Amino acid sequence: VRMILIGPPGAGKGTQAPRLKEKFNCCHLATGDMLRSQVAKKTPLGREAKKIMDAGGLVSDDIVIGMIQEELDNNKECKGGFILDGFPRTVPQAEGLDKMLRDRKKSLQHAIELQIDDALLVSRITGRLVHPASGRSYHTIFSPPKKAMTDDVTGEPLVQRSDDNAEALKKRLVTYHKQTSPVVGYYKQTGIWKPLDAAQEPNQVWKSLLAIVDNDK
Ligand code: AP5
Ligand code: ZN
């Protein structure tokens, strides 16, 4: 399958994408996760990106397009298709993706918009806990780990993302509405756009996703 998940911070992209990856045996590419791994390694890009991410802005289009291109070409899991999470989030990124796929004689099948009111996102974001190495996420209330602050799979500690506070979230939402909403419009014109109610509980969101993907492969 070749699809993208579009939605505001906390919509559930990172919660659903690993399940899709598992089901369809493809790669899950999350530009946010890739950038956070650069931040953790303290690379020059990571240092630059951290400032932008904590301020709720966007890293440059060229950088994230380059990261996706590199993965699509070299990550073996992507041979089975891909789930893009958090990319594209500007119209130039969407155009970059189209060109990339055209050059590789491929096309996108689904652009799924996870729709949810901003008001519901604060509690999702401020309660999120993540396992940095795998990108797995939990929620203190909605999806707690078996043992407090501990990853279920590895037993390693969970942390809070440095941009997961109410103040940074406000900026991330402004950025989303200004720069990423036009991407939704971009895909509406192509006919592969599909809306999904992301305010439902996670298993219901999963069912809705499968209904969309299974209905037209
Ligand atoms: P990124 O990591 O992509 O962050 P984001 O878009 O803000 O999205 P989130 O990861 O916050 O939300 P999510 O939808 O994955 O939610 P999740 O499933 O975890 O990007 C971070 C930053 O990197 C950006 O701000 C930007 O600076 C930079 N960046 C990244 N990509 C870029 C790009 N392409 N171009 C330029 N810059 C880029 O869920 C959240 C919480 O809610 C979890 O705790 C979860 O357990 C819980 N939850 C999930 N679903 C439900 C549900 N249905 N009901 C109840 N709780 C739920
Ligand atoms: Zn995410």
- [ ] Taking Q69 as the residue in question, decide whether it is away from ligand 2 (no atom under 16 Å from the Cβ), in contact with a helix residue (DSSP H, G or I) (Cβ under 9 Å, 6 or more places away or on another chain) and in contact (Cβ under 8 Å) with a residue 12 or more places away in the chain.
- [x] yes
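Can you report the number of residues in segment 1-18 which are within 25 Å of T190 (Cβ to Cβ) and out of contact with any Lys or Arg (no Cβ under 6 Å at 6 or more places or on another chain)? Walk me through how you get there before you give the answer.
Taking segment 1-18 first, the residues within 25 Å of T190 (Cβ to Cβ) are 1-9, 11-14, 16-17.
Within this subset, residues satisfying the condition of being out of contact with any Lys or Arg (no Cβ under 6 Å at 6 or more places or on another chain) are 1-4, 6, 8, 11-14, 16-17.
The number of residues fulfilling the criteria is 12.
Could you tell me whether L45 is touching a helix residue (DSSP H, G or I) at 6+ places or on another chain (Cβ under 9 Å) and either closer than 20 Å to S208 by Cβ or surrounded by fewer than 20 Cβ atoms within 10 Å (Cβ to Cβ) (or both)? Lay out the reasoning, then the answer.
On the way: touching a helix residue (DSSP H, G or I) at 6+ places or on another chain (Cβ under 9 Å): yes; either closer than 20 Å to S208 by Cβ or surrounded by fewer than 20 Cβ atoms within 10 Å (Cβ to Cβ) (or both): yes.
Considered against the rule, which asks whether it is touching a helix residue (DSSP H, G or I) at 6+ places or on another chain (Cβ under 9 Å) and either closer than 20 Å to S208 by Cβ or surrounded by fewer than 20 Cβ atoms within 10 Å (Cβ to Cβ) (or both), L45 comes out as yes.
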Open item on the list: Let me spell it out: the conditions are (1) surrounded by 16 or more Cβ atoms within 10 Å (Cβ to Cβ); (2) modelled with pLDDT under 95, and A133 meets all of them except one. Which number is the exception?
Closed with: (1)
- [ ] Please work out which one of (1) within 26 Å of H139 (Cα to Cα); (2) part of a helix (DSSP H, G or I) is the condition L72 fails and give its number.
- [x] (1)
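Looking at the structure I just gave you, is M53 more than 20 Å from P9 (Cα to Cα) and within 16 Å of ligand 2 (Cβ to nearest atom)? First the steps, then the outcome.
Working: more than 20 Å from P9 (Cα to Cα): no; within 16 Å of ligand 2 (Cβ to nearest atom): yes.
Considered against the rule, which asks whether it is more than 20 Å from P9 (Cα to Cα) and within 16 Å of ligand 2 (Cβ to nearest atom), M53 comes out as no.
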Open item on the list: Step by step: first the residues of segment 28-42, then only those that are of a type in the set (A, V, I, L, M) and in a strand (DSSP E or B), then the one that is farthest from ligand 1 (Cβ to nearest atom). Which residue is that?
Closed with: L29
- [ ] Could you tell me whether I63 is free of Cβ contacts under 8 Å to residues at least 60 places away in the same chain and farther than 19 Å from D163 by Cβ?
- [x] no
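Give the number of residues within segment 3-26 that are surrounded by fewer than 19 Cβ atoms within 10 Å (Cβ to Cβ) and away from ligand 2 (no atom under 12 Å from the Cβ). Full working, then the answer.
Filtering segment 3-26 down to residues surrounded by fewer than 19 Cβ atoms within 10 Å (Cβ to Cβ) leaves 18-19, 22-25.
Now narrow it down to the ones that are away from ligand 2 (no atom under 12 Å from the Cβ): 19, 22-25.
Final tally of qualifying residues: 5.
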Task: Per-region count, segment 126-180, residues hydrophobic (A, V, I, L, M, F, W, C), near ligand 1 (Cβ under 9 Å from one of its atoms) and in a strand (DSSP E or B) - done: 2
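The values are calculated or read from the model by the stated rules, or taken from the named source; none is laboratory data. Quantities reported herein were computed from a predicted structural model and do not represent experimental measurements. So basically every Cβ, Gly included, is an ideal-geometry build from the backbone, and we count neighbours across all protein chains shown.
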